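Reviewing the structure listed below.
Each value in this text was obtained by applying a stated rule to the coordinates, not by laboratory testing. The shown structure was predicted, so the numbers you read here are calculated from the model rather than taken from an experiment. Positions of Cβ are backbone-derived with ideal geometry, glycine not excepted, and every protein chain shown enters the neighbour counts.
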Amino acid sequence: MAAGAIGAPWEGDYPRYVWHRQGDVVYEGRLVNQAQGHYKGYPLTVDELPEGLS
């Protein structure tokens, strides 16, 4: 992912988690359709940020 971060485990061709920072907001996407590579995303609070994305 060019503008964000990815997280294991991988499910087929796609990582289960992806993150993207836009301004002061970090969004997490979770893989919801492995066959088509669809993610559902939502903003995270500061205490929900994965290690290394603070």
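Below are the figures for this structure:
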| item | result |
| --- | --- |
| Among 53, 14, 42 the positive-end extreme of the charge dipole of the chain (Cβ point charges) | 14 |
| Globularity index of the chain, i.e. its alpha-carbon radius of gyration over 2.2 N^0.38 Å | 1.10 |
| In Hz, Karplus ³J(HN,Hα) per residue of the stretch 39-50 (6.51, -1.76, 1.60; θ = phi - 60°; x = Gly, Pro) | 10, 10, x, 7, x, 9, 7, 4, 6, 9, 5, x |
| Amide H partners (placed H, <5 Å) of residue 34, local residues excluded | none |
| Relative contact order [Cα under 8 Å, 6+ residues apart], the chain, whole percent | 23 percent |
| The stretch 8-18 - phi-based ³J(HN,Hα) in whole Hz, Karplus 6.51/-1.76/1.60, Gly and Pro as x | 6, x, 8, 10, x, 8, 10, x, 5, 10, 9 |
